[in-house]
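This report refers to the structure that appears directly beneath it.
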Amino acid sequence: MVKVRGVYRRHLLLLLAAAALAPLTVAAQSDYPSRPISLIVPFPPGGQTDAIGRLVGDRLSKALNQTVVVENKPGVNGSLGSDFVARAKPDGYTLIIGGPGSHAINQLVNKNVKYDTRKDFTHIAMISRGPMLLLAAPTLNEKTLADVVNMAKANPDSLNMALTGIGSSGHMTTELLKQSAGISFNAVPYKGDSPAMADLTGGHADLLFVPATSAIPFVQSGKLHALAVTSESRLPALPDVPTMAEAGQPQVVNYSWANLAGPAGLPDDIVQRLNDATQGILAEADFVERLATMSNEPTPGTSQQARDFVAAEVARWIDVVEKANIEVQ
């Protein structure tokens with residue numbers, strides 16, 4: 001009989017302990033989720049991100065056979081809720097619905113944002129995307145995008161462009177148009193889409209980029225005029241509104257998007273479980289129909305594709321932010 005002594009005995013005991021614990025670890029992860037999941041929406045109730053988050057939360061609950069609690073944690077264009085999730089334990093029980101502001105642009109324009117979305121989150125899956133609409137006040141004499149560009153070139157800063165948050169999708173799309181067309185506007189800040197559209201309707205502002213979801217009812221009712229949409233093709237709900245490319249600005253293509261993410265370091269099997277569940281949801285006909293009512297479309301794909309997309313979005317906006325010298329004061 002061989003006697004095992006000293007360091008060799010300790011090594012053997014460690015190996016035996018690891019072997020005994022390994023099945024327990026696998027079993028624990030295969031049981032995921034064994035308790036309710038918190039899904040953070042980093043914006044107030046009622047907006048597009050909140051609506052998509054609640055749709056996804058309800059479907060995830062059914063797909064995972066576990067309660068998914070949607071919690072709104074708004075503030076700083078989505079950064080407060082995002083920072084909360086970035087600091088959470090990477091166990092799959094704290095997730096977030098991200099978007100362009102919270103997970104691509106904020107870190108570029110606000111020095112108080114401490115997270116880097118490329119390193120501090122596990123991007124599980126892309127969910128959807130929807131274009132922006134360029135809206136014009138009914139009192140504006142310029143009735144096409146070409147008219148607006150010509151007016152802005154002839155009279156710099158003469159048109160009042162409503163902005164609904166530094167680093168928002170609307171703001172960044174405005175900067176894309178300015179840099180593409182070589183024009184400038186007089187920026188008028190607002191605290192959200194609703195007050196901006198109210199002033200636009202009343203003729204107190206001239207122009208506004210806003211997610212199509214929010215704008216379509218105003219355009220269909222005739223309260224506001226849509227000059228162009230930032231998608232590659234026209235919207236079925238507004239077939240007479242040209243794309244930016246058709247209106248002479250092919251570089252101004254932009255979408256407000258939503259993705260599912262968690263803290264950095266989520267175990268691979270949990271990421272795969274959540275991605276599989278999300279892909280199933282995105283394939284459901286009624287889910288696709290609900291997205292369509294918001295002028296959104298599903299964006300299926302792997303977790304790696306989600307990581308690559310977010311990294312590309314950050315890289316895309318770096319140049320725009322630097323050229324415009326954008327910084328939250």
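Under a model in which nothing but the beta-carbon of Lys, Arg (+1) and Asp, Glu (-1) is charged, the range 125-193 shows a dipole of about 100 debye around its Cα centre.
Checking every one of the trypsin sites (Lys or Arg not before Pro) in the range 87-142 against DSSP loop status and a limit of 12 other Cβ atoms within 10 Å picks out Arg87, Lys111, Lys114, Lys119.
Counting charges near Val76 (Lys, Arg +1; Asp, Glu -1) among other residues having Cβ under 13 Å from its Cβ returns a value of +3. Hydrodynamic analysis of the chain uses the Kirkwood radius over alpha carbon pairs. Inserted into Stokes-Einstein at 20 °C and 1.002 mPa s, it gives a translational diffusion coefficient of 100 µm²/s.
Computed from Cα atoms alone, the Kirkwood hydrodynamic radius reported for the range 156-217 is 11.7 Å. Residue separation of Asp276 and Lys119 scaled by 0.36 nm, minus their Cα-Cα distance, works out to 54.3 nm of gained length. Scanning residues 5 or more positions from Leu159 or on other chains, those with amide H under 5 Å from its amide H are Asn186, with H placed 1.01 Å from N in the peptide plane. Panel note: the C-alpha atoms of the range 118-264, placed on their principal axes, show extents of 50, 30, 29 Å (largest first).
Tilt of helix 169-181 relative to the longest C-alpha principal axis of the chain, in degrees (0 to 90, nearest 10)? Once rounded, the angle reads 50 degrees. The convex hull of the Cα atoms of the range 64-150, projected and averaged over all directions, covers 9.2 nm². Summing charges over all other residues whose Cβ lies under 12 Å from the Cβ of Asp157, with Lys and Arg as +1 and Asp and Glu as -1, gives +1. For Gln251 and Thr67 in one chain, what is 0.36 nm times their gap in residues minus the Cα-Cα distance, to one decimal in nm? Result for the pair: 62.0 nm of gain on full extension. Rounded to the nearest 20, the size of the Cβ-charge dipole of the chain about its Cα centre is 1480 debye, with Lys and Arg at +1 and Asp and Glu at -1. Taking the charge dipole of the chain about its Cα centre, with +1 at Lys and Arg Cβ atoms and -1 at Asp and Glu Cβ atoms, the residue from Leu208, Met126, Pro298 reaching farthest to the positive side is Met126.
Backbone geometry of the range 37-44 corresponds, through the Karplus equation with coefficients 6.51, -1.76 and 1.60 at θ = phi - 60°, to 3J(HN,Hα) couplings of 9, 9, 10, 7, 10, x, 9, x Hz, x marking Gly and Pro.
For Asn325, what is the net charge nearby, where nearby means another residue's Cβ is under 15 Å from its Cβ and Lys, Arg count +1, Asp, Glu -1? Summing Lys/Arg as +1 and Asp/Glu as -1 gives -1. Each listed q (0.15, 0.16, 0.26 Å⁻¹) maps to a log10 I(q)/I(0) for the range 243-329, found by the Debye formula over equal Cα scatterers with no solvent: -0.82, -0.89, -1.28.
Bear in mind these aren't lab numbers, they're just calculated from the coordinates by the rules spelled out. These numbers come from a predicted model, not from an experiment. Please note: Cβ atoms are built from the backbone with ideal geometry, for glycine as well, and neighbour counts cover all protein chains shown.
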